[in-house]
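See below for the structure under consideration.
Read-outs: derived from the displayed coordinates by stated rules, not from any lab. Keep in mind it's a predicted model, so treat the numbers as computed, not measured. Glycine also receives a Cβ, built like all others from the backbone with ideal geometry; neighbour counts cover every protein chain displayed.
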Amino acid sequence: MELGVFDTPGKEWDEFASQYTDLIFYQSFWSEVLKKGLGGQPLYFYLRDGGGIVAGLPAVLFTLKIFKVLYASIPYGGFIGDRSTCPFFSSLLEREFRKRGIDQVRVTDSPFSTPYSPVGFAPVSARCSLLDLRGFNRENVSENYRSEVRRAIRKAQKNGLSVTRAVSREEAKVFNDLYVSSMERNRTGTKYPLQWFYTLFEMLIEKGNADIFFARKGDHYAAGVVVVHSLNTDHYLHNGSADAFLEYRPNDLIVDHIIRDGVEKGRGFLDFMGSDPEDTSLLRFKEKWGSESSDIRTYIRNIHPVKARLWEWGKRVASSKLGSKWMKVIR
């Protein structure tokens with residue numbers, strides 16, 4: 001068996017990956033989204049046995065001044081393929097990571113796949129919330145909601161809010177402003193640049209593989225959510241909101257719309273993505289719709305411990321008010 005790497009994955013990778021997952025984050029064109037939107041270099045590692053690929057790890061490498069950090073895709077990108085080959089595959093990957101001078105590797109499980117814990121990696125847990133849409137009544141979606149949810153939706157409607165889809169590139173900038181507003185309100189740094197939202201619009205939304213849903217009051221944008229579509233799942237990827245409209249419950253109105261849209265299109269799940277286990281208010285928001293939360297792990301391997309510790313320190317700085325300025329310096 002031999003290790004190989006695609007820096008421009010294509011048909012061969014997609015045919016292999018489609019045997020194990022239908023998530024958009026494992027497809028080859030997602031690598032181009034990450035490259036254009038975040039400036040990362042796709043590196044899709046695979047193990048070949050004879051003529052075919054038997055195991056794989058989709059990844060993107062970020063080189064930030066003196067740091068090289070490899071994410072096994074974003075937001076999900078765990079090992080796929082024949083599980084019996086994973087120990088051997090992992091040993092080959094360790095040598096490859098060192099050869100490329102990678103300082104830290106982060107592998108995040110998918111909630112739709114059997115997890116694999118590679119040897120030598122430290123697990124960090126988050127809570128991933130999944131809402132099963134298959135039991136919803138298409139004719140009366142709201143009957144699945146708790147009374148508090150129905151009240152919140154009525155409040156948004158009574159205050160004149162309605163939901164629209166983004167239809168122009170300029171609205172990607174509008175969403176970015178809402179996202180930045182939320183990060184500032186939560187006193188944390190912005191992880192994603194404006195270019196990322198432009199890329200999502202150009203490469204996904206215009207092709208029907210994602211949406212930005214806005215809650216609006218007339219010409220005013222109250223809140224927005226980026227939803228990325230896999231074959232059977234909608235992924236609640238980003239959200240943002242304006243302080244002035246929070247009391248009108250715009251986020252509740254958008255989630256209701258996302259659920260109705262997913263039920264109408266026959267999707268099986270709404271994936272609210274991972275949350276910090278300590279962020280109980282966010283988990284309550286996700287779970288009040290009927291979603292169930294379970295642990296999802298990110299496995300971290302510090303190849304070069306000193307530089308990896310510096311990187312972790314830098315991320316903590318990035319979560320402060322000075323974070324955005326610091327990230328601009330190291331990019």
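Principal-axis analysis of the Cα atoms of the chain puts helix 250-264 at an angle of about 70° to the longest axis.
Distance between the C-alpha centers of segment 252-273 and segment 188-229? Whole Å please. The two parts, judged by their Cα centres, are 16 Å apart. Shown here for segment 150-214: trypsin sites (Lys or Arg not before Pro) in loop regions (DSSP other than H, G, I, E, B) with at most 12 other Cβ atoms within 10 Å, namely Arg187. Orientation-averaged projection of the chain equals 16.7 nm² [convex hull of Cα atoms, one quarter of hull surface area]. Helix 28-38: angle to the longest alpha-carbon principal axis of the chain, degrees 0 to 90, nearest 10? The angle comes out at about 70 degrees. Look at the dipole of the chain built from charges on Cβ: of Tyr44, Asn239, Ala308, the Cα furthest out on the positive end belongs to Ala308. Against the main long axis of the alpha-carbon atoms of the chain, helix 86-99 sits at an angle near 80°.
For segment 4-59, what percent of Cα pairs sit more than 14 Å apart? Result for the distance tail: 49 percent. Close amide H contacts of Ser230 (hydrogens built in the peptide plane, cut-off under 5 Å, sequence separation of 5 or more or a different chain): Ile24, His235. When shorter helices are ignored and each DSSP H run of at least 4 residues is given -39500 (n - 2.57), the per-residue value for the chain at 222 nm works out to -11000 deg cm²/dmol.
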